[in-house]
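See structure below.
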Amino acid sequence: MSGFDKICLEQLNSKIRDIKDFPKPGIIFKDITPLLRDPDTLYMTNRLLAKPFLKEKVDLIVGLESRGFLFGPSLAMRLDAGFVPIRKPNKLPAKTISASYKLEYGEDSVEIHADSIIKGNRVLIHDDLIATGGTAAAATELVERLGGEVVGYSFLINLSFLEGTKKLKNNVLFDALLTF
Ligand code: AMP
């Protein structure tokens with residue numbers, strides 16, 4: 001990594017704030033809104049997210065609701081890929097398939113449009129943060145059930161003490177800009 005990229009990452013780090021006991025007691029929420037509000041860190045994040053995947057053939061970014069929608073489409077544009085949302089239940093209008101997952105705080109399921117991935121599509125799964133890895137694992141399941149190939153995972157933040165990466169495919173690219 002270049003010295004310049006290291007400085008960028010330090011700046012990104014300085015724009016992420018910890019909110020204690022949100023949304024539930026005991027959770028330290030990583031709030032990225034200060035990073036989004038600042039034009040420099042907004043740009044740097046977009047550039048750094050794309051960097052590890054520039055040489056990879058990616059057809060689709062699959063972004064996870066809701067903060068995976070913040071950088072997902074701009075990451076897709078950098079990689080000449082399309083964007084597909086994975087959403088909470090009953091949000092997508094057309095035919096969907098769903099998978100259950102556990103959150104750091106609670107349990108839920110996620111859905112994807114059944115026609116959003118064509119067999120053989122190369123997919124990069126993206127979210128703002130990986131905690132327990134449940135959401136990204138559910139996304140992996142959905143992509144693979146539709147015949148897509150998961151070629152990598154992209155996150156801004158990895159809460160590594162929760163060991164979420166253990167739930168992901170381990171023979172593909174993985175990138176998190178910041179690890180806590
Ligand atoms: P998980 O399925 O446990 O990996 O949880 C990841 C999802 O929950 C992501 O969509 C995150 O946006 C959100 N999330 C979980 N924990 C946190 C946290 N401490 N701060 C911010 N977002 C979180």
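The values are calculated or read from the model by the stated rules, or taken from the named source; none is laboratory data. Since the model is a prediction, treat every value here as computed from it, not as a measurement. All Cβ positions, glycine included, derive from the backbone under ideal geometry; neighbour counts span all protein chains shown. Areas reflect the complete protein model, heavy atoms only, side chains present, ligands, DNA and RNA absent. Shrake-Rupley method; radii C 1.70, N 1.55, O 1.52, S 1.80 Å.
Local charge for Ile28 was computed over the other residues whose Cβ lies under 9 Å away, with Lys and Arg +1 and Asp and Glu -1, and equals 0. In the chain, helical runs assigned H by DSSP with n ≥ 4 each contribute -39500 (n - 2.57); averaged across all residues and rounded to the nearest 500, the mean residue ellipticity at 222 nm is -8500 deg cm²/dmol. Taking the average, over residues, of other Cβ atoms within 10 Å as the packing measure, peptides 133-139, 2-8, 47-53, 83-89 rank 133-139, 83-89, 47-53, 2-8 from highest down.
Can you classify the chain as rounded, prolate or oblate using the Cα gyration tensor, where a ≥ b ≥ c are the square roots of its eigenvalues, rounded means a/c under 1.5, and otherwise it's prolate if a/b beats b/c and oblate if not?
Working: a/c = 1.70, a/b = 1.21, b/c = 1.41.
Oblate, because a/c is 1.5 or more while a/b does not exceed b/c.
The 3J(HN,Hα) values that the Karplus relation (6.51, -1.76, 1.60; θ = phi - 60°) gives for the range 87-99 are, in residue order, 10, 5, x, 6, 9, 8, x, 8, 5, 10, 10, 9, 9 Hz. Gly and Pro appear as x. Between the alpha-carbon centres of the range 22-70 and the range 108-144 there is a gap of 16 Å.
Within the accessible surface of the range 54-179, defined with a 1.4 Å probe on protein heavy atoms only, the carbon and sulfur portion equals 48 percent.
Summed over the residues of the range 54-179 and divided among them, the accessible surface reaches 47 Å² per residue at a probe radius of 1.4 Å.
In terms of its alpha-carbon gyration tensor, the range 40-123 comes out oblate; a/c meets the 1.5 threshold, while b/c is at least as large as a/b. Taking all protein chains together and rolling a 1.4 Å probe, Ile118 ends up with roughly 120 Å² accessible.
For Glu163, Glu65, the ranking by accessible surface with the largest value first comes to Glu163, Glu65, using a 1.4 Å probe. Ordered from largest to smallest accessible area (heavy atoms of protein chains, 1.4 Å probe), the residues Ile28, Ile125 come out as Ile28, Ile125.
Pull out a ≥ b ≥ c, the square roots of the eigenvalues of the alpha-carbon gyration tensor of the range 66-162, then state rounded if a/c is under 1.5, prolate if not and a/b is larger than b/c, and oblate in the remaining case. It is oblate, given that a/c is not under 1.5 and a/b is not larger than b/c. 3J(HN,Hα) couplings calculated from phi for the range 69-86 with the Karplus curve 6.51 cos²θ - 1.76 cosθ + 1.60 (θ = phi - 60°) are, in sequence order, 8, 6, 9, x, x, 6, 5, 4, 5, 5, 9, 6, 10, x, 10, 10, x, 9 Hz; Gly and Pro show x.
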